[in-house]
Amino acid sequence: QVQFVESGGGLVQPGGSLRLSCAASGSIFSIYDMGWYRQAPGKQRELVAAITTGGSTNYADSVKGRFTISRDTAKNTVYLQMNRLKPEDTAIYYCKAISAAFRSWGQGTQVTVSS
């Protein structure tokens, strides 16, 4: 099955920016919608951004206007540009195809927003 490897996380001050990358081991973007999820300590994992096979994007209200999801089909990579970061954005970020056919999660990448 296709695997996903996330990278790009780190420690950033409030108001700062990060760009996350998600490399897929296969060419699936024309078949499956892709999503970025996050899980904060003590909270359930939530979908924060999605991009459909047609290229349409959707965002959780909490990140709308600050985060941008995009993809490079030639590189089998999905990105999440995060601007104006807030402490409440602190979480482990994961990417995965939005489909019941994909049940495994990658290791994710830690994002910590703190002064």
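Things worth noting here:
- Using a cutoff of 8 angstrom between alpha carbon atoms and counting only pairs six or more residues apart, the relative contact order for the stretch 1-65 works out to 22 percent.
- Among the lysines of the chain, pairs that are 8 or more positions apart or on different chains and have alpha carbons within less than 21 Å of each other number 6.
- Between amide H atoms placed 1.01 Å from N, distances below 5 Å from GLY108 occur with GLU6, all of them 5 or more places distant or on a separate chain.
- Taking every alpha-carbon pair under 8 Å whose residues sit at least 6 apart, the chain reaches a relative contact order of 37 percent.
- By a 1.4 Å probe calculation restricted to protein chains, ILE98 has an accessible surface near 70 Å², given to the nearest 10.
- In loop segments of the stretch 63-115 as defined by DSSP, the trypsin sites (Lys or Arg not before Pro) with at most 13 further C-beta atoms inside 10 Å of their C-beta are LYS64, ARG84, ARG103.
- Alpha carbon centroid spacing (whole Å) that separates the stretch 10-83 from the stretch 92-115: 9 Å
- In a reduced charge model with +1 at each Lys and Arg Cβ and -1 at each Asp and Glu Cβ, the chain shows a dipole moment near 60 debye about its Cα centre.
The values are calculated or read from the model by the stated rules, or taken from the named source; none is laboratory data. All values derive from a computational prediction rather than experimental measurement. Note that each Cβ is placed from the backbone with ideal geometry, even for glycine, and that neighbours are counted across all protein chains shown. Keep in mind that these areas ignore ligands, DNA and RNA; they rest on the heavy atoms of the full protein, side chains included. Shrake-Rupley method; radii C 1.70, N 1.55, O 1.52, S 1.80 Å.
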